[in-house]
1. Take segment 189-217 and flag every residue that is closer than 30 Å to residue 165 by Cα and part of a loop (DSSP other than H, G, I, E, B).
2. Under 9 Å by Cβ, and 6 or more places apart or on different chains, what pairs join a residue from segment 269-284 that is touching a residue at least 60 places away in the same chain (Cβ under 8 Å) with one that is assigned to a loop (DSSP other than H, G, I, E, B) and surrounded by 14 or more Cβ atoms within 10 Å (Cβ to Cβ)?
3. Considering only residues that are over 28 Å from residue 217 (Cα atoms), without any contact (Cβ under 8 Å) to a residue 60 or more places away in the chain and not hydroxyl-bearing (Ser, Thr, Tyr), which ones fall in segment 235-259?
4. I need the full set of residues from segment 18-45 which are within 14 Å of the chain's Cα centre (by Cα), assigned to a loop (DSSP other than H, G, I, E, B) and at pLDDT 95 or above, in order please.
5. If residue 229 meets every condition in (1) in contact (Cβ under 8 Å) with a residue 24 or more places away in the chain; (2) more than 30 Å from residue 163 (Cα to Cα); (3) under 21 Å from the mean Cα position of the chain (by Cα); (4) surrounded by 12 or more Cβ atoms within 10 Å (Cβ to Cβ) apart from one, which number is that one?
6. Six or more apart or on different chains, Cβ atoms under 7 Å: show the pairs whose first residue is in segment 299-317 and within 13 Å of residue 176 (Cβ to Cβ) and whose second is loosely packed, with under 15 Cβ neighbours inside 10 Å.
7. Taking the condition modelled with pLDDT of 95 or more and touching a Leu at 6+ places or on another chain (Cβ under 6 Å), does residue 113 pass?
8. Is there a residue being outside any helix (DSSP H, G or I), of a type in the set (A, V, I, L, M, F, W, C) and not assigned by TED's automatic domain parsing to the domain that holds residue 138 anywhere in segment 250-258?
Amino acid sequence: MFERYEALSKKLGIDHSVLLGPMDLVSGGKLAAAVTQAGGLGIIGGGYGDEAWLREEFSQAQGARVGVGFITWSLSRQPHLVDVCIEHSPVAVMFSFGDASKHVEKVKKAGILSICQVQTAEMAREAVAYGADIIVAQGAEGGGHGIACGTLPLVPNVVDAVGDKVPVVAAGGIADGRGFAASLALGASGVLLGTRFYASEEAIGHADAKRRIVDCKGGEETIRGILFDMARDNVWPSPYTGRVLRNDFSDRWIGRERDLLQHLHTERPRFLEARANHEFDTAPVIAGESAGLIHDVRPAKAIVDDLVREMSEILGYAGARGPRDAKAAA
């Protein structure tokens, strides 16, 4: 298993096969740079696509070797953002949720690695067929959008589907070295974490959102559905649904989506105001089931260091190295 792990690290030019999930408006340049400087790969969350924000976050990364990730179906509405990314020479561009074939072709011609996040083995085979360099197998335990396939069976299924053609990275429900070790045992070459890095000092997220992640007792305090997409008038294409922490809004409307449709004229303005004011009893905190394993807000470097140390102790891996010096990491 360590051959796969080390091969992915070498492919990405990093010390540890730990990737930052490109969380929209949370994984900014400062967090991405911190993960990279800790020996992993920081990935800026390009999300739905905002050119001004994207340029600012590349600037905030201050020249560190980082990647960038997009919601593919939204990126297809403004494909020029791929060219904006190419201008900044990222290590990799990550595509999630949709056919990324045209985008993959463009970034590969520019000499940039392409990462495709998938939720089924068939999606993985399709991504490999159109040239993906790395596959992220995202289980339903993860925060944000996905499909109802659990990480534990999904990862080996995807590994078996793509064979030795491309490395597979596990995502969804991973927050510590135990999840890291389990992912490698399942055949993954590395891990991608979102929620754990949301609760980091460098993440853009509001302090109260981070506190709610830390206070979460377990995965049962999250829900998966379309309530929040309905409230913000941004319903995703089927079959994707989103996982968030439960709050007063979800407790009121879960299972009553049809009723919510009848009340959107009053609920939507209230929801949008709450989101603007960081009122998380109504606005969502996008987080996965791993929130129950997170007990503090820490620097990104400490998170990466602990992940690698715990994984190495569990699996008896003696090859873990410290992060590169500042010059090499930049």
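The values are calculated or read from the model by the stated rules, or taken from the named source; none is laboratory data. Only a predicted model underlies this, so the values are computations on that prediction, with no experimental measurement involved. Counting neighbours? That spans all protein chains shown, and the Cβs are built from the backbone with ideal geometry, glycine included.
1. Quick first cut of segment 189-217, residues closer than 30 Å to residue 165 by Cα only: 189-197.
Residues satisfying the conditions are 189, 194.
2. Pairs that qualify, where the first residue is touching a residue at least 60 places away in the same chain (Cβ under 8 Å) and the partner is assigned to a loop (DSSP other than H, G, I, E, B) and surrounded by 14 or more Cβ atoms within 10 Å (Cβ to Cβ), are 278/206; 280/206; 280/247.
3. Of everything in segment 235-259, those that are over 28 Å from residue 217 (Cα atoms), without any contact (Cβ under 8 Å) to a residue 60 or more places away in the chain and not hydroxyl-bearing (Ser, Thr, Tyr) turn out to be 235, 258, 259.
4. Looking only at segment 18-45, we keep the residues that are within 14 Å of the chain's Cα centre (by Cα), and these are 18-28, 31-32, 35, 40-45.
From what is left, the residues that are assigned to a loop (DSSP other than H, G, I, E, B) are 21-28, 40, 42.
Matches in segment 18-45: 21, 22, 23, 26, 27, 28, 40, 42.
5. Residue 229 satisfies every listed condition except (1).
6. These pairs meet every condition: 310/178; 314/178.
7. Details: modelled with pLDDT of 95 or more: yes; touching a Leu at 6+ places or on another chain (Cβ under 6 Å): no.
So residue 113 does not fit the description; no.
8. From segment 250-258, those outside any helix (DSSP H, G or I) are 254-256; that's our starting set.
Restricting the remaining residues to those that are of a type in the set (A, V, I, L, M, F, W, C) gives 254.
Next, from what is left, pick out any that are not assigned by TED's automatic domain parsing to the domain that holds residue 138: 254.
Among the residues of segment 250-258, at least one is outside any helix (DSSP H, G or I), of a type in the set (A, V, I, L, M, F, W, C) and not assigned by TED's automatic domain parsing to the domain that holds residue 138, which makes the answer yes.
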